[in-house]
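Presented below is the structure to which this report refers.
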Amino acid sequence: MEKKPFEILNEGAAEDIILICDHASNYVPPEYKNLGLEPEQLNQHIGWDIGAADITCRISKTVNASAIICNTSRLVIDTNRSPDDQECIPKVSDNIIIPGNQNLKRSDYIARTTKYFWPYHNAISNVISNYTKRSKHLKSIPMIFSIHTFTPIILSQKKTKRPWHAGVLWNRDPRVSEPLIQLLKNHSDNLVIGDNEPYSGKEFYYSLDFHAGNVGLPHCAIEVRQDLVTKPGDTIYWADLISKLLQNILRTKQILELKYY
């Protein structure tokens, strides 16, 4: 039985945070026959953000926040890229050729965006809309927070090592990113934190720009290094830390207002 393109966790939760996880799953619908890849290849980082779903689920429970997770591998379609971007369906990922993504027609792109991309993004829009309706009398808006993970080494860049324990990604709006970076850097575990590293939110930020930045909602994304989230205890550590810091930031209630940058 084929999975739904998305899953909503803790729908209608009380906290002023909505979590999104674009690369939560390595699931490839049966019709695509694993895109010509072996199962062990789909289990690698090219298929998903390892540990991101576990972190998202625990944060959702810990802070009582709604979460929307994508149930389709980014190799089928990357929901954090514009559907107009040809790279939203990658032909190669970290030097691995994706056979099922070669020589696609325009109709193939349209079919995947219709079946997987837009249902996920429409679910995010609906959760935000429902939050707004519930909170109208409080004149409150939500923070939108995105969870990702990244590889410690990237083969396509000559095995470049990445020293950051985590990175905070942001584009124009600094309301969440600035305090989050500072709180992480001040943490007693001496964390190495990237500011728009290992990726820049000014380039890879479609979901947050679309749902938050373009409509004035406070937002940012976090990337946690994957070798730090390989065990259940690891994901618990990061989820609990992120939960605590986001709640600290939320106490600054002035961030929960529409503001355009």
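The values are calculated or read from the model by the stated rules, or taken from the named source; none is laboratory data. Since this is a predicted model, take the numbers as computed values, not measurements. With ideal geometry, Cβ positions are generated from the backbone for all residues, glycine too; neighbour counts draw on all protein chains shown.
Before moving on, here are some points about what is shown:
- Qualifying residue in the stretch 117-124 (condition: of a type in the set (Ser, Thr, Tyr) and modelled with pLDDT under 95): no
- Qualifying residue in the stretch 75-88 (condition: in contact with a Leu (Cβ under 6 Å, 6 or more places away or on another chain), buried (at least 21 other Cβ atoms within 10 Å of the Cβ) and in a helix (DSSP H, G or I)): no
- So Asp78, is it of a type in the set (Asp, Glu), touching a residue at least 12 places away in the same chain (Cβ under 8 Å) and over 22 Å from Asn10 (Cα atoms): yes
- Contact annotation: residue pairs with Cβ atoms under 9 Å, 6 or more positions apart or on different chains, pairing a residue in the stretch 37-51 that is without any contact (Cβ under 8 Å) to a residue 60 or more places away in the chain with a partner that is among the acidic types (Asp, Glu), are Gln44/Asp94; Ile46/Asp94.
- Close Cβ contacts (under 9 Å, 6 or more residues apart or on different chains) running from residues in the stretch 177-198 that are touching a residue at least 24 places away in the same chain (Cβ under 8 Å) and farther than 19 Å from Thr252 by Cβ to residues that are basic (Lys, Arg) and part of a helix (DSSP H, G or I) comprise Leu191/Lys185; Val192/Lys185; Ile193/Lys185.
- Residue match in the stretch 101-114 (condition: surrounded by fewer than 19 Cβ atoms within 10 Å (Cβ to Cβ), of a type in the set (Asp, Glu) and in contact (Cβ under 8 Å) with a residue 24 or more places away in the chain): no
- Test result for Phe117, assigned to a strand (DSSP E or B) and not charged (D, E, K, R): no
- The condition of being crowded, with 21+ Cβ neighbours inside 10 Å and closer than 15 Å to Met143 by Cβ holds for only one of Ala221, Ala166, that being Ala221.
- Scanning the stretch 154-174 for residues that are under 21 Å from Asn80 (Cα atoms) and over 15 Å from the mean Cα position of the chain (by Cα), we see that the one that is modelled with the lowest pLDDT is Ser156.
- In the set (1) in contact with a strand residue (DSSP E or B) (Cβ under 8 Å, 6 or more places away or on another chain); (2) without any contact (Cβ under 8 Å) to a residue 40 or more places away in the chain; (3) more than 23 Å from Asn196 (Cβ to Cβ), Ile98 fails one condition alone, (2).
- Hits in the stretch 228-245 (condition: buried (at least 16 other Cβ atoms within 10 Å of the Cβ), farther than 17 Å from Pro142 by Cα, of a type outside the set (Phe, Trp, Tyr) and touching a residue at least 60 places away in the same chain (Cβ under 8 Å)): Leu228, Val229, Asp234, Thr235, Ala239
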